[in-house]
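The values are calculated or read from the model by the stated rules, or taken from the named source; none is laboratory data. Keep in mind that this is a model prediction, so the values were computed, not measured. Using ideal geometry, Cβ is built from the backbone for each residue, glycine included, and neighbour counts are taken over all protein chains shown.
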Amino acid sequence: MNSGIAAKTVLITGASSGIGHASAKRLHDAGLTVYATARRPDAVADLAAEGIRTLPLDVTDDQSMQDAVSAIENEAGPIGILINNAAYGLYGPVEQRPLGEVRALFDTNFFGLVRLTQLVLPSMRRAGAGRIINLSSMGGRATLPGGAFYHASKYAVEALSDALRIELALFGIDVVLIEPGPVRTPFMDLAVASLATATSPSGAGDPYKDFKDAIARSFTGLYTGPIARFVSTLDDIARVVTMAATARRPRTRYLVSLTARSMIGMKRWLPDRANDALLARQFGLPRSTRPSTRRPGKAAPSLDSAG
(Lines give C-alpha, C1' and ligand atoms only; values in the text may rest on other atoms or scores of the structure.)
Protein backbone atom coordinates (compact mmCIF):
# COMPACT_ATOMS: atom_id res chain seq x y z
CA MET A 1 0.00 0.00 0.00
CA ASN A 2 1.23 3.50 -0.79
CA SER A 3 0.91 5.20 2.56
CA GLY A 4 1.20 8.60 0.87
CA ILE A 5 -2.12 7.95 -0.87
CA ALA A 6 -3.83 5.70 1.66
CA ALA A 7 -3.37 8.21 4.48
CA LYS A 8 -5.34 10.81 2.57
CA THR A 9 -9.02 11.46 2.32
CA VAL A 10 -11.43 9.68 -0.02
CA LEU A 11 -14.45 11.37 -1.59
CA ILE A 12 -16.91 8.99 -3.23
CA THR A 13 -20.09 10.01 -5.05
CA GLY A 14 -23.32 8.07 -5.44
CA ALA A 15 -22.88 6.24 -2.13
CA SER A 16 -26.58 5.86 -1.30
CA SER A 17 -26.75 2.36 -2.79
CA GLY A 18 -25.09 -0.16 -5.07
CA ILE A 19 -21.40 -0.01 -5.87
CA GLY A 20 -20.87 3.35 -4.15
CA HIS A 21 -22.41 2.16 -0.89
CA ALA A 22 -20.48 -1.12 -0.84
CA SER A 23 -17.22 0.61 -1.79
CA ALA A 24 -17.55 3.24 0.94
CA LYS A 25 -17.83 0.47 3.54
CA ARG A 26 -14.86 -1.49 2.17
CA LEU A 27 -12.66 1.60 1.93
CA HIS A 28 -13.56 2.52 5.51
CA ASP A 29 -12.77 -1.02 6.67
CA ALA A 30 -9.38 -0.71 4.91
CA GLY A 31 -8.54 2.21 7.19
CA LEU A 32 -9.13 5.11 4.81
CA THR A 33 -10.89 8.33 5.79
CA VAL A 34 -14.01 8.15 3.64
CA TYR A 35 -16.52 10.86 2.83
CA ALA A 36 -19.54 9.08 1.36
CA THR A 37 -21.85 11.44 -0.49
CA ALA A 38 -25.34 11.36 -1.96
CA ARG A 39 -28.00 13.88 -2.91
CA ARG A 40 -29.98 13.17 0.27
CA PRO A 41 -28.15 12.88 3.63
CA ASP A 42 -30.72 10.36 4.91
CA ALA A 43 -29.72 7.99 2.07
CA VAL A 44 -26.29 7.52 3.67
CA ALA A 45 -27.40 7.60 7.31
CA ASP A 46 -26.53 3.92 7.77
CA LEU A 47 -22.96 4.64 6.64
CA ALA A 48 -22.74 7.52 9.13
CA ALA A 49 -23.86 5.10 11.85
CA GLU A 50 -20.81 2.97 11.03
CA GLY A 51 -18.46 5.90 11.54
CA ILE A 52 -18.13 6.91 7.88
CA ARG A 53 -18.23 10.65 7.25
CA THR A 54 -21.13 11.69 5.03
CA LEU A 55 -22.08 14.80 3.10
CA PRO A 56 -24.83 15.91 0.72
CA LEU A 57 -23.54 16.20 -2.84
CA ASP A 58 -25.48 16.48 -6.08
CA VAL A 59 -23.25 16.03 -9.14
CA THR A 60 -25.71 18.04 -11.25
CA ASP A 61 -25.45 21.09 -8.94
CA ASP A 62 -22.22 23.09 -9.17
CA GLN A 63 -22.69 24.84 -5.82
CA SER A 64 -23.37 21.51 -4.10
CA MET A 65 -20.09 20.13 -5.45
CA GLN A 66 -18.14 23.24 -4.44
CA ASP A 67 -19.60 23.14 -0.93
CA ALA A 68 -18.76 19.46 -0.45
CA VAL A 69 -15.16 19.82 -1.65
CA SER A 70 -14.63 22.92 0.53
CA ALA A 71 -16.12 21.22 3.58
CA ILE A 72 -13.82 18.19 3.20
CA GLU A 73 -10.70 20.25 2.55
CA ASN A 74 -11.43 22.52 5.53
CA GLU A 75 -11.99 19.56 7.83
CA ALA A 76 -9.49 16.96 6.61
CA GLY A 77 -7.10 18.68 4.23
CA PRO A 78 -6.55 17.85 0.54
CA ILE A 79 -8.70 15.14 -1.01
CA GLY A 80 -6.27 12.36 -1.90
CA ILE A 81 -8.63 10.03 -3.75
CA LEU A 82 -11.73 11.01 -5.74
CA ILE A 83 -14.03 8.15 -6.73
CA ASN A 84 -16.50 9.27 -9.38
CA ASN A 85 -19.24 6.67 -9.03
CA ALA A 86 -22.56 8.51 -9.42
CA ALA A 87 -24.33 7.38 -12.60
CA TYR A 88 -27.51 5.80 -13.90
CA GLY A 89 -28.73 3.98 -16.99
CA LEU A 90 -31.12 5.19 -19.67
CA TYR A 91 -32.28 2.64 -22.23
CA GLY A 92 -34.50 2.73 -25.27
CA PRO A 93 -34.24 3.42 -29.00
CA VAL A 94 -32.49 6.66 -30.00
CA GLU A 95 -35.61 7.83 -31.83
CA GLN A 96 -37.72 7.52 -28.68
CA ARG A 97 -35.60 9.30 -26.05
CA PRO A 98 -36.16 13.09 -25.76
CA LEU A 99 -32.98 15.17 -25.78
CA GLY A 100 -33.84 16.55 -22.35
CA GLU A 101 -33.47 13.05 -20.92
CA VAL A 102 -30.19 12.58 -22.76
CA ARG A 103 -28.79 15.85 -21.40
CA ALA A 104 -29.85 14.91 -17.87
CA LEU A 105 -28.06 11.57 -18.22
CA PHE A 106 -24.84 13.26 -19.35
CA ASP A 107 -25.14 15.83 -16.55
CA THR A 108 -24.89 12.99 -14.03
CA ASN A 109 -22.75 10.42 -15.81
CA PHE A 110 -20.23 12.74 -17.44
CA PHE A 111 -20.40 16.48 -16.77
CA GLY A 112 -20.76 16.02 -13.01
CA LEU A 113 -17.71 13.76 -13.06
CA VAL A 114 -15.76 16.38 -15.04
CA ARG A 115 -16.69 19.26 -12.75
CA LEU A 116 -15.91 17.40 -9.54
CA THR A 117 -12.55 16.36 -10.97
CA GLN A 118 -11.80 20.00 -11.80
CA LEU A 119 -12.62 21.00 -8.22
CA VAL A 120 -10.27 18.52 -6.52
CA LEU A 121 -7.32 18.85 -8.90
CA PRO A 122 -5.81 22.12 -7.59
CA SER A 123 -5.13 20.67 -4.12
CA MET A 124 -3.91 17.37 -5.60
CA ARG A 125 -1.47 19.24 -7.83
CA ARG A 126 -0.16 21.27 -4.89
CA ALA A 127 0.30 18.07 -2.89
CA GLY A 128 2.08 16.38 -5.79
CA ALA A 129 -0.05 13.26 -5.37
CA GLY A 130 -3.59 12.05 -5.82
CA ARG A 131 -5.78 9.51 -7.49
CA ILE A 132 -8.90 9.86 -9.65
CA ILE A 133 -10.89 6.62 -9.87
CA ASN A 134 -13.68 6.70 -12.44
CA LEU A 135 -16.40 4.04 -12.37
CA SER A 136 -16.94 3.26 -16.02
CA SER A 137 -18.29 -0.03 -17.36
CA MET A 138 -17.59 -2.70 -19.92
CA GLY A 139 -20.25 -0.59 -21.64
CA GLY A 140 -17.60 2.08 -22.13
CA ARG A 141 -15.79 -0.21 -24.56
CA ALA A 142 -18.58 -2.37 -26.03
CA THR A 143 -22.13 -1.29 -26.86
CA LEU A 144 -25.19 -3.42 -26.17
CA PRO A 145 -28.53 -3.07 -27.98
CA GLY A 146 -30.87 -0.39 -26.69
CA GLY A 147 -28.28 1.45 -24.61
CA ALA A 148 -26.99 4.07 -27.04
CA PHE A 149 -27.01 7.01 -24.62
CA TYR A 150 -25.83 5.15 -21.52
CA HIS A 151 -22.95 3.66 -23.50
CA ALA A 152 -22.14 7.04 -25.07
CA SER A 153 -21.80 8.53 -21.58
CA LYS A 154 -19.43 5.74 -20.54
CA TYR A 155 -17.40 5.98 -23.75
CA ALA A 156 -17.01 9.67 -22.87
CA VAL A 157 -15.73 8.75 -19.40
CA GLU A 158 -13.20 6.40 -20.98
CA ALA A 159 -11.90 9.04 -23.40
CA LEU A 160 -11.70 11.68 -20.68
CA SER A 161 -9.81 9.32 -18.39
CA ASP A 162 -7.28 8.42 -21.09
CA ALA A 163 -6.58 12.12 -21.70
CA LEU A 164 -6.43 12.94 -17.98
CA ARG A 165 -3.99 10.13 -17.29
CA ILE A 166 -1.46 11.75 -19.63
CA GLU A 167 -2.13 15.31 -18.43
CA LEU A 168 -1.82 14.49 -14.73
CA ALA A 169 1.18 12.15 -14.80
CA LEU A 170 3.38 15.26 -14.55
CA PHE A 171 1.89 16.00 -11.11
CA GLY A 172 2.05 12.49 -9.64
CA ILE A 173 -1.72 11.98 -9.98
CA ASP A 174 -3.01 8.57 -11.08
CA VAL A 175 -6.16 8.11 -13.17
CA VAL A 176 -7.84 4.71 -12.94
CA LEU A 177 -10.86 3.21 -14.70
CA ILE A 178 -13.03 0.50 -13.12
CA GLU A 179 -14.96 -1.39 -15.81
CA PRO A 180 -17.50 -3.81 -14.30
CA GLY A 181 -19.51 -6.28 -16.33
CA PRO A 182 -23.03 -7.24 -15.14
CA VAL A 183 -23.45 -6.64 -11.39
CA ARG A 184 -26.22 -7.69 -9.01
CA THR A 185 -27.64 -4.23 -8.37
CA PRO A 186 -31.00 -2.52 -9.01
CA PHE A 187 -29.39 -1.12 -12.19
CA MET A 188 -30.90 -3.76 -14.49
CA ASP A 189 -34.37 -3.30 -12.99
CA LEU A 190 -34.08 0.43 -13.62
CA ALA A 191 -32.80 -0.21 -17.14
CA VAL A 192 -35.80 -2.41 -17.92
CA ALA A 193 -38.11 0.23 -16.42
CA SER A 194 -36.54 2.93 -18.60
CA LEU A 195 -37.21 0.81 -21.68
CA ALA A 196 -40.90 0.91 -20.85
CA THR A 197 -40.93 4.72 -20.79
CA ALA A 198 -39.45 5.04 -24.30
CA THR A 199 -42.34 5.84 -26.62
CA SER A 200 -42.87 6.99 -30.19
CA PRO A 201 -43.24 10.79 -30.47
CA SER A 202 -46.25 10.39 -32.75
CA GLY A 203 -48.03 8.17 -30.23
CA ALA A 204 -49.23 5.92 -33.06
CA GLY A 205 -48.13 2.37 -32.31
CA ASP A 206 -44.61 1.33 -31.38
CA PRO A 207 -42.37 0.04 -34.17
CA TYR A 208 -39.73 -0.87 -31.56
CA LYS A 209 -41.99 -2.95 -29.30
CA ASP A 210 -40.52 -6.35 -30.23
CA PHE A 211 -36.99 -4.93 -30.03
CA LYS A 212 -37.56 -3.53 -26.53
CA ASP A 213 -39.34 -6.66 -25.31
CA ALA A 214 -36.36 -8.78 -26.40
CA ILE A 215 -33.90 -6.54 -24.54
CA ALA A 216 -36.05 -6.56 -21.40
CA ARG A 217 -36.19 -10.37 -21.46
CA SER A 218 -32.44 -10.55 -21.93
CA PHE A 219 -31.71 -8.19 -19.03
CA THR A 220 -34.14 -10.00 -16.75
CA GLY A 221 -32.58 -13.34 -17.70
CA LEU A 222 -29.13 -12.20 -16.60
CA TYR A 223 -29.84 -13.32 -13.05
CA THR A 224 -31.61 -16.56 -13.92
CA GLY A 225 -30.01 -17.89 -17.10
CA PRO A 226 -26.70 -19.68 -17.75
CA ILE A 227 -24.73 -16.43 -17.44
CA ALA A 228 -25.98 -15.79 -13.90
CA ARG A 229 -22.96 -17.45 -12.29
CA PHE A 230 -20.70 -14.88 -14.00
CA VAL A 231 -22.59 -11.85 -12.65
CA SER A 232 -20.50 -9.92 -10.12
CA THR A 233 -21.67 -9.05 -6.63
CA LEU A 234 -21.43 -5.57 -5.15
CA ASP A 235 -18.60 -6.76 -2.94
CA ASP A 236 -16.68 -8.04 -5.98
CA ILE A 237 -16.62 -4.51 -7.39
CA ALA A 238 -16.02 -2.84 -4.02
CA ARG A 239 -12.97 -5.06 -3.54
CA VAL A 240 -11.55 -3.92 -6.89
CA VAL A 241 -12.27 -0.26 -6.08
CA THR A 242 -10.40 -0.65 -2.78
CA MET A 243 -7.51 -2.35 -4.57
CA ALA A 244 -7.31 0.54 -7.03
CA ALA A 245 -7.40 3.05 -4.17
CA THR A 246 -4.68 1.42 -2.07
CA ALA A 247 -2.27 -0.07 -4.61
CA ARG A 248 1.17 1.52 -4.72
CA ARG A 249 1.01 1.54 -8.52
CA PRO A 250 -2.56 0.88 -9.68
CA ARG A 251 -3.45 -0.40 -13.11
CA THR A 252 -4.89 2.10 -15.54
CA ARG A 253 -7.93 -0.17 -16.03
CA TYR A 254 -9.61 -2.90 -14.02
CA LEU A 255 -11.91 -4.91 -16.30
CA VAL A 256 -14.04 -6.92 -13.87
CA SER A 257 -15.58 -10.34 -14.65
CA LEU A 258 -15.31 -12.97 -17.36
CA THR A 259 -18.43 -11.58 -19.04
CA ALA A 260 -16.83 -8.17 -19.42
CA ARG A 261 -13.62 -9.62 -20.82
CA SER A 262 -15.60 -11.75 -23.29
CA MET A 263 -17.68 -8.81 -24.55
CA ILE A 264 -14.62 -6.61 -25.00
CA GLY A 265 -12.81 -9.45 -26.78
CA MET A 266 -15.69 -9.93 -29.22
CA LYS A 267 -15.81 -6.21 -29.93
CA ARG A 268 -12.06 -6.11 -30.53
CA TRP A 269 -11.65 -9.15 -32.75
CA LEU A 270 -14.92 -9.64 -34.63
CA PRO A 271 -15.87 -7.60 -37.70
CA ASP A 272 -18.69 -5.19 -36.87
CA ARG A 273 -21.43 -7.08 -38.68
CA ALA A 274 -20.37 -10.38 -37.14
CA ASN A 275 -20.47 -8.80 -33.69
CA ASP A 276 -23.87 -7.25 -34.46
CA ALA A 277 -25.22 -10.63 -35.57
CA LEU A 278 -23.92 -12.34 -32.47
CA LEU A 279 -25.50 -9.72 -30.19
CA ALA A 280 -28.78 -9.98 -32.10
CA ARG A 281 -28.82 -13.74 -31.52
CA GLN A 282 -27.84 -13.43 -27.85
CA PHE A 283 -30.55 -10.85 -27.20
CA GLY A 284 -33.16 -12.61 -29.35
CA LEU A 285 -33.73 -9.46 -31.37
CA PRO A 286 -36.33 -9.46 -34.16
CA ARG A 287 -35.04 -10.06 -37.66
CA SER A 288 -34.33 -7.18 -40.01
CA THR A 289 -37.22 -5.99 -42.18
CA ARG A 290 -34.81 -4.77 -44.87
CA PRO A 291 -35.45 -6.51 -48.20
CA SER A 292 -32.78 -9.05 -49.11
CA THR A 293 -30.24 -7.93 -51.71
CA ARG A 294 -28.75 -11.39 -52.24
CA ARG A 295 -28.70 -12.73 -55.78
CA PRO A 296 -31.10 -15.63 -56.43
CA GLY A 297 -29.55 -18.95 -55.50
CA LYS A 298 -26.86 -17.38 -53.31
CA ALA A 299 -26.85 -18.84 -49.80
CA ALA A 300 -27.19 -16.55 -46.80
CA PRO A 301 -23.98 -16.19 -44.75
CA SER A 302 -23.91 -17.95 -41.39
CA LEU A 303 -23.34 -16.07 -38.17
CA ASP A 304 -19.86 -17.56 -38.05
CA SER A 305 -18.91 -16.01 -41.39
CA ALA A 306 -20.86 -12.73 -41.29
CA GLY A 307 -18.58 -9.76 -41.84
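A few comments on the model shown:
- Any hit, segment 94-111, residues being buried (at least 23 other Cβ atoms within 10 Å of the Cβ), closer than 22 Å to Val240 by Cβ, under 16 Å from the mean Cα position of the chain (by Cα) and in contact (Cβ under 8 Å) with a residue 40 or more places away in the chain: yes
- Selection status of Gly14, within 24 Å of Ala191 (Cα to Cα), in contact with a helix residue (DSSP H, G or I) (Cβ under 8 Å, 6 or more places away or on another chain) and modelled with pLDDT under 95: no
Listed here are the residues, each with its yes/no results for (1) out of contact with any helix residue (DSSP H, G or I) (no Cβ under 9 Å at 6 or more places or on another chain); (2) surrounded by fewer than 20 Cβ atoms within 10 Å (Cβ to Cβ); (3) modelled with pLDDT of 95 or more; (4) among the hydroxyl-bearing types (Ser, Thr, Tyr).
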{"site": "Leu113", "(1), (2), (3), (4)": "no, no, yes, no"}
{"site": "Leu119", "(1), (2), (3), (4)": "no, yes, yes, no"}
{"site": "Ser136", "(1), (2), (3), (4)": "no, no, yes, yes"}
{"site": "Asp162", "(1), (2), (3), (4)": "yes, yes, yes, no"}
{"site": "Phe171", "(1), (2), (3), (4)": "no, yes, yes, no"}
{"site": "Pro180", "(1), (2), (3), (4)": "no, no, no, no"}
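- Among the residues making up segment 256-284, those that are in contact (Cβ under 8 Å) with a residue 60 or more places away in the chain and either more than 29 Å from Thr242 (Cα to Cα) or crowded, with 17+ Cβ neighbours inside 10 Å (or both) are Val256, Ser257, Thr259, Ala260, Met263, Ile264, Leu279, Ala280, Gln282, Phe283, Gly284.
- Within segment 14-43, the set of residues being over 19 Å from the mean Cα position of the chain (by Cα) and among the small types (Gly, Ala, Ser) comprises Ala30, Gly31, Ala43.
- Number of the exception - Gly51 against (1) farther than 17 Å from Leu119 by Cβ; (2) touching a residue at least 24 places away in the same chain (Cβ under 8 Å): (2)
- Of all the criteria given as (1) closer than 30 Å to Val175 by Cα; (2) surrounded by 12 or more Cβ atoms within 10 Å (Cβ to Cβ); (3) at pLDDT 80 or above, the one not satisfied by Phe230 is (3).
- Scope segment 244-279; condition touching a strand residue (DSSP E or B) at 6+ places or on another chain (Cβ under 7 Å), closer than 11 Å to Met138 by Cα and among the small types (Gly, Ala, Ser); matching residues: Ser257, Ala260
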